[in-house]
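Undergrad: I have a structure here, written as structure tokens, and I will follow up with some questions on it.
Nothing in this text is a laboratory measurement; each read-out follows from the coordinates by a stated rule. All values reported here derive from a predicted model rather than from experimental measurement. Positions of Cβ are backbone-derived with ideal geometry, glycine not excepted, and every protein chain shown enters the neighbour counts.
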Amino acid sequence: MTNTGVTNTGVTDTGVTNIGVIGTGVIGAEHIRRLTTAVPGARITSVTDVDLDRARAVADSLAPGASVPATGAELIESPEVDAVVVTSWGSTHRDYVLGCIAAGKPVFCEKPLASSSTDCITILEAEVAAGRRYVQVGFMRRYDPAYLALRAAVHGGSLGAPLLMHAAHRNPALPAHFTGDMVVTDSAVHEFDLIRWMFADEIAAITAYTPRRNSRAKDGFPDPLVLVLELANGVLVDVEVLANARYGYDIRGEVVCEDGVAALSESAGVVVRSAGTVALGVPTDWPERFAAAFDIEFRSWLASVAGGEEPTGPDAWDGYAAAACIDAALVSLHDGGRVPVTLVDRPSLYRP
């Protein structure tokens, strides 16, 4: 497809945002499906992947007519692309995001923003030099109705000051390619961002603990893993990550305040009472649990793109802060002990 003309808002003169997607794996295909069927105002005009055959197959099935350029760099530069969604391997994110900033195109980048906090700083510097924010990072839990309600309860004033939080991230199983470090980089990273957002404060230090090992875990795999996070304001958060829960995909959160407790509901589904029992449905995977959050997230991002505005969601600073937490958590996991989270000074471009 070719644009009929791009307005100064960054969308075509038909009012539709032309989107290019880099990475057509599981989450890339899921986002393409979402943008073509569940989120109005988007049109997938270009897709690519390191596996071009896969990219062509995904384009044919989910976005007929979309072009399939040979590289992500070509997609970013294409005049038929107004904004970019990056869902490729994390190690490729930095260069694609920098390419979008250089091209002046909004970019939605799935976590991680980059594979190291140093690379994230490079992205911060590029946006500061450009004088505006182009990047939104895919921390979808901020858009989940249940987490939004929990945050509203915590900050509503009736519960008093928050003191501590218990959180759990349980997967029924993990893909075969998952390494032990990915329990932090791909699972716990969501909690790092969520907790910063929940309490409007930075994480100051992290300590990792490895309890009795799950018999289903691979050798050397930290399952379960418990992380204790210390916030600068004194709130403590314990995060349990269970890689082989088997029974379902279970995300939990409970905030203990001075005058009460607020928690996520036990189940994302219905509660069934019959024959003297109570049954709660448990989601089987992340697309089921966070489907609404993903939809709301992309509607919000597209609204900012269509309006020619800076993104209102998690920004490059949030991606960098999460990466710094990953650095500290991995040091504690491998070397033991309490590890401070070190951050550079926050540029004025990024809102507090």
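Undergrad: Which ³J(HN,Hα) values in Hz, rounded to whole numbers, follow from the phi angles of segment 325-338 under the Karplus curve 6.51 cos²θ - 1.76 cosθ + 1.60, where θ = phi - 60° and Gly and Pro get x?
TA: Using θ = phi - 60°, the values come out as 5, 4, 3, 5, 5, 5, 5, 5, 4, 8, 10, x, x, 7 Hz.
Undergrad: Multiply the residue gap between Val50 and Glu258 by 0.36 nm, knock off their C-alpha separation, and tell me the result in nm, one decimal place.
TA: Taking Val50 through Glu258 to full extension adds about 69.7 nm, to one decimal.
Undergrad: What FRET efficiency do you get for Glu74 and Ala275 if R0 is 45 Å and r is their Cβ-Cβ distance, rounded to the nearest 0.05?
TA: Using R0 = 45 Å, I get an efficiency of 0.15.
Undergrad: May I pose another question? Work out from phi, with θ = phi - 60° and the Karplus expression 6.51 cos²θ - 1.76 cosθ + 1.60, the ³J(HN,Hα) of each residue of segment 296-305, listed in order in whole Hz, and give x for Gly and Pro.
TA: So the J values, rounded to whole Hz, are 5, 4, 6, 4, 5, 5, 5, 4, 5, 5.
Undergrad: What is the angle, in °, between the Cα long axis of helix 52-62 and the longest principal axis of the Cα atoms in the chain? Nearest 10 is fine, range 0 to 90.
TA: 90 degrees
Undergrad: What list of ³J(HN,Hα) values in whole Hz, one per residue of segment 239-251 in order, does the Karplus curve 6.51 cos²θ - 1.76 cosθ + 1.60 (θ = phi - 60°) give from phi, with Gly and Pro shown as x?
TA: Karplus-based 3J(HN,Hα) across segment 239-251 equals 10, 9, 10, 10, 7, 10, 6, 6, 6, x, 9, 10, 10 Hz.
Undergrad: Continuing with this model, one more query. Relative to the first principal axis of the alpha-carbon coordinates of the chain, what is the inclination of helix 93-103, with its axis defined by its Cα atoms, in degrees from 0 to 90 and to the nearest 10?
TA: The angle comes out near 40 degrees.
Undergrad: Another question, then. Put a dot 7 Å past each Cα toward the Cβ at Val331 and Tyr209; how far apart are the dots in nm?
TA: Taking the simple label geometry, Tyr209 and Val331 are separated by 2.1 nm.
Undergrad: Calculate how steeply helix 26-37 sits against the longest principal axis of the alpha-carbon atoms of the chain, using the helix alpha-carbon long axis, and give the answer as 0 to 90 degrees to the nearest 10.
TA: Value to nearest ten degrees: 60.
Undergrad: Sticking with this one: Taking only Cα atoms and a 10 Å spring cutoff, compute GNM fluctuations for the chain and point out the largest among Arg141, Arg216, Arg151.
TA: Comparing Arg141, Arg216, Arg151 in a Gaussian network model of the chain, the most mobile one is Arg216.
Undergrad: Report, by chain and number, residues whose modeled amide H sits under 5 Å from the one on Gly138, excluding near sequence neighbours (fewer than 5 apart, same chain).
TA: Cys109, Glu110, Lys111
Undergrad: Oh, and also: Which far-off residues, 5 or more places away or on another chain, put their amide H under 5 Å from the one on Ser67, with H placed in the peptide plane?
TA: Placed amide hydrogens put Ser46, Val47 under 5 Å from Ser67.
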